[in-house]
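Shown next, in structure tokens, is the structure this report addresses.
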Amino acid sequence: MLTNPRQNQKVEQPAERAKLINHFRQIIETVNGQLAQQFKLEINRAHSFWGLCSRLYSKLAGHTLSIYLNRLLGKPDCLKIKALAFPI
């Protein structure tokens, strides 16, 4: 760097760390998207707190089971859970 950094300038992450963070961020965003779109996590129609908890737990368990089944079947990308219901 030829000049001093500005006072409000952010320090850049090393390339390896940025790549690792982006990898995990992509996985997290994929899981969040699947829970929102395929499992309709926002729509719960629960009448009580315990009903809400049980519906959320069942949706999370279904998502976890889908990933586990993909791993058992030897799929290279275990996050493609839609292929379990709609095989190509």
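Here are some notes:
- Pair list, Cβ < 8 Å and 6+ apart or interchain, from segment 72-83 residues that are over 17 Å from LEU60 (Cβ atoms) to residues that are aliphatic (A, V, I, L, M) and assigned to a helix (DSSP H, G or I): LYS75/ALA83
- Leading residue by the ranking (nearest to SER66 (Cα to Cα)) among those in segment 1-22 that are among the aliphatic types (A, V, I, L, M) and in a loop (DSSP other than H, G, I, E, B): VAL11
- Filtering segment 65-84 to residues that are in a helix (DSSP H, G or I) and either within 19 Å of the chain's Cα centre (by Cα) or surrounded by 13 or more Cβ atoms within 10 Å (Cβ to Cβ) (or both) leaves LEU65, SER66, ILE67, TYR68, LEU69, ASN70, ARG71, LYS82, ALA83, LEU84.
- As a summary of the residue check, LEU20 satisfies the conditions (1) surrounded by 10 or more Cβ atoms within 10 Å (Cβ to Cβ); (2) under 25 Å from ALA85 (Cβ atoms) except for the one numbered (2).
- Scope segment 36-65; condition in contact with a helix residue (DSSP H, G or I) (Cβ under 6 Å, 6 or more places away or on another chain) and either touching a residue at least 60 places away in the same chain (Cβ under 8 Å) or polar (S, T, N, Q) (or both); matching residues: ASN44
- Residue under evaluation ARG25, criteria (1) outside any helix (DSSP H, G or I); (2) modelled with pLDDT of 90 or more; (3) at negative phi, criterion not met: (1)
- Note on segment 39-64: among residues that are assigned to a helix (DSSP H, G or I) and of a type in the set (S, T, N, Q), the one that is farthest from LYS82 (Cα to Cα) is SER54.
- Filter result (among the polar types (S, T, N, Q) and within 21 Å of PHE24 (Cα to Cα)) within segment 34-88: GLN34, GLN37, GLN38, THR64, SER66, ASN70
- Residue check, LEU52 modelled with pLDDT of 95 or more and surrounded by 13 or more Cβ atoms within 10 Å (Cβ to Cβ): yes
The values are calculated or read from the model by the stated rules, or taken from the named source; none is laboratory data. Just so it is clear, the model here is predicted, and its values are computed rather than measured. In this analysis, Cβ positions are derived from the backbone assuming ideal geometry, glycine residues included, and neighbour counts consider all displayed protein chains.
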